[in-house]
1. Working carefully through the options 71, 61, find the one that is at pLDDT 95 or above and assigned to a loop (DSSP other than H, G, I, E, B).
2. Among 29, 52, 63, which is surrounded by 17 or more Cβ atoms within 10 Å (Cβ to Cβ), in contact (Cβ under 8 Å) with a residue 40 or more places away in the chain and farther than 17 Å from residue 295 by Cα?
3. Can you name the residue in region 116-142 that is part of a loop (DSSP other than H, G, I, E, B) and in contact with a strand residue (DSSP E or B) (Cβ under 8 Å, 6 or more places away or on another chain) and is also nearest to the ligand (Cβ to nearest atom) among such residues?
4. Only one of these is away from the ligand (no atom under 16 Å from the Cβ), touching a strand residue (DSSP E or B) at 6+ places or on another chain (Cβ under 9 Å), without any contact (Cβ under 8 Å) to a residue 60 or more places away in the chain and over 26 Å from residue 222 (Cβ atoms): 95, 90. Name it.
5. Is it true that residue 260 is more than 16 Å from the ligand (Cβ to nearest atom) and buried (at least 22 other Cβ atoms within 10 Å of the Cβ)?
6. Given 188, 195, 166, which one is touching a strand residue (DSSP E or B) at 6+ places or on another chain (Cβ under 7 Å) and within 16 Å of the ligand (Cβ to nearest atom)?
7. Looking at region 11-25, is at least one residue within 16 Å of the ligand (Cβ to nearest atom) and closer than 17 Å to residue 139 by Cα?
8. Is it the case, given these coordinates, that residue 233 is out of contact with any strand residue (DSSP E or B) (no Cβ under 7 Å at 6 or more places or on another chain), away from the ligand (no atom under 16 Å from the Cβ) and touching a residue at least 12 places away in the same chain (Cβ under 8 Å)?
Ligand code: CP
């Protein structure tokens, strides 16, 4: 069964049935990555372009690995070494790439809405949002949901606390939307300067008190302080930030005993999370990364192969 839409632009427009389909498909694709020969012919002859205007380690690598494991041809487009540096616009770049007949363009861009603009102009191929500004990062929320379900067996009814720089976080927005749709009890926490006043529209209860957010939590999702997006000073010092909103062993003891600790990466060690917690027994941070490949294989398959001859 394919996804209900032609593109994957955000969690906001994604029905619960599609979320469930992606998570279930990812579980079956995960098995391929555990084999000695990690490749199936499902998307042979298909072409995937990674169009990244912002840096990435996890998302770009895992989309490329996902495409390769499904036998698709993948091209990594780096804006800095392309004609973007000569002033070519996003639309012109995309139209030129589309003329080479790719099947999917995966885009990361600093401007919110860039994937939607691309989808409007590039009707011949599917578009996946790999992170648009401070708006959404849907594939991150999906891999996070898979990780939580693996560990907890469900999403519904879990207390999930998302803590840190909420304002600049597309991960926070996509996760709040997805977890709310799936029936989780979402808590949003950070300094008042780093939480938009209207954030509750995305779902969840806002608190500025980290212990309230941590109390009885099943899942704690720490976020990076995004200095590259901050034009002003949002907190007096890193020391003060860590003291109020950094996760350490003492604060984490307020959560449930079997709490899991998540972080989308990259981590600022000692700023939002104590390395002892990031590397400790309760951390599932690297499992999130592993699940990223499976979720992205599932999405490529469901957008391209599921409706046709594609079968594993
Ligand atoms: N989580 C995430 O988006 O990481 P990258 O920026 O490395 O892709």
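The values are calculated or read from the model by the stated rules, or taken from the named source; none is laboratory data. Predicted model only: the values in this text are computed from it and were never measured. Don't worry about glycine lacking a Cβ; one is built from the backbone with ideal geometry, like all the others, and counts go over all protein chains shown.
1. 71
2. Result: 52 is the single residue among 29, 52, 63 that is surrounded by 17 or more Cβ atoms within 10 Å (Cβ to Cβ), in contact (Cβ under 8 Å) with a residue 40 or more places away in the chain and farther than 17 Å from residue 295 by Cα.
3. Checking each candidate, the answer is 137.
4. After ruling out the rest, the residue left standing is 90.
5. Judged against the criteria, residue 260 is a match.
6. The conditions single out 166.
7. Yes: one or more hits.
8. For residue 233, the condition - out of contact with any strand residue (DSSP E or B) (no Cβ under 7 Å at 6 or more places or on another chain), away from the ligand (no atom under 16 Å from the Cβ) and touching a residue at least 12 places away in the same chain (Cβ under 8 Å) - is not met.
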